[in-house]
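Since the structure comes first, as structure tokens, the remarks are kept for the end.
The values are calculated or read from the model by the stated rules, or taken from the named source; none is laboratory data. For clarity, every value in this text was computed on a predicted model and none was experimentally measured. Every residue, glycine as well, gets a Cβ built from its backbone with ideal geometry; the counts of neighbours run over all protein chains shown.
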Amino acid sequence: MKNRKERVNIVLELIRTKSIGSQEELLRLLADKGFFVTQATLSRDLKMLKVSKIPTERGTYMYILPEGEHLTEQLISKGEMSITSDARNGVVSIAFSNNIVVIKTRNGHAPGLAYDIDLSKSPEILGTIPGSNTVFAVLREDVTRQQAIDLFKQLLGLDNKAFESC
């Protein structure tokens, strides 16, 4: 019987190197490497590792690792996102109300997008709150609308069409 530390390291390696969309798939990959665990055990491991599940461009889902493993880099390396893709983050529109930014996304894209925005550690953004298809981002009070537009263009690779009457 192999120990937990070895299993967790294999889980980390698999999530870093493969696009895995379900616990069943991860269980099969672990079994291929000689680790036979229950779904409940795997679920506890994923929770301990703070693994998240996000939607991809292909309409599927995949596991990602927390901070230290930048979302965009993970998606590009796994072929789930191309650098030139216009819809890479599912953004539909962005609107402003004072220091609140409302980012509308395709359904299911908001959590991953909020995560990526938070990982950017941009000093202009205090934080985000995701829903299923909307992200609320709170800007510092001294950030101008144009600074915010420029920031989101850079962070999200957007053009002017995404911004509602700015």
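Table for the structure above
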read-out: Pairs, first at pLDDT below 95 in region 133-145, second surrounded by 14 or more Cβ atoms within 10 Å (Cβ to Cβ) and small (Gly, Ala, Ser), C-beta under 9 Å, six or more apart; value: ASN133/GLY90; ASN133/GLY108; ASN133/ALA110; THR134/ALA110; VAL135/ALA110; VAL135/ALA114
read-out: Hits in region 13-32 - residues which are among the hydrophobic types (A, V, I, L, M, F, W, C) and surrounded by 15 or more Cβ atoms within 10 Å (Cβ to Cβ); value: LEU14, ILE15, ILE20, LEU26, LEU27, LEU29, LEU30
read-out: So ASN99, is it surrounded by fewer than 18 Cβ atoms within 10 Å (Cβ to Cβ), outside the structural domain of TYR61 (by TED's automatic domain parsing) and at pLDDT 85 or above; value: yes
read-out: In region 33-77, residue modelled with the highest pLDDT [restricted to those that are within 15 Å of LEU12 (Cβ to Cβ), of a type outside the set (A, V, I, L, M, F, W, C) and assigned to a strand (DSSP E or B)]; value: TYR63
read-out: All positions within region 78-96 that are more than 14 Å from the chain's Cα centre (by Cα), at pLDDT below 85 and not in a loop (DSSP other than H, G, I, E, B); value: VAL92
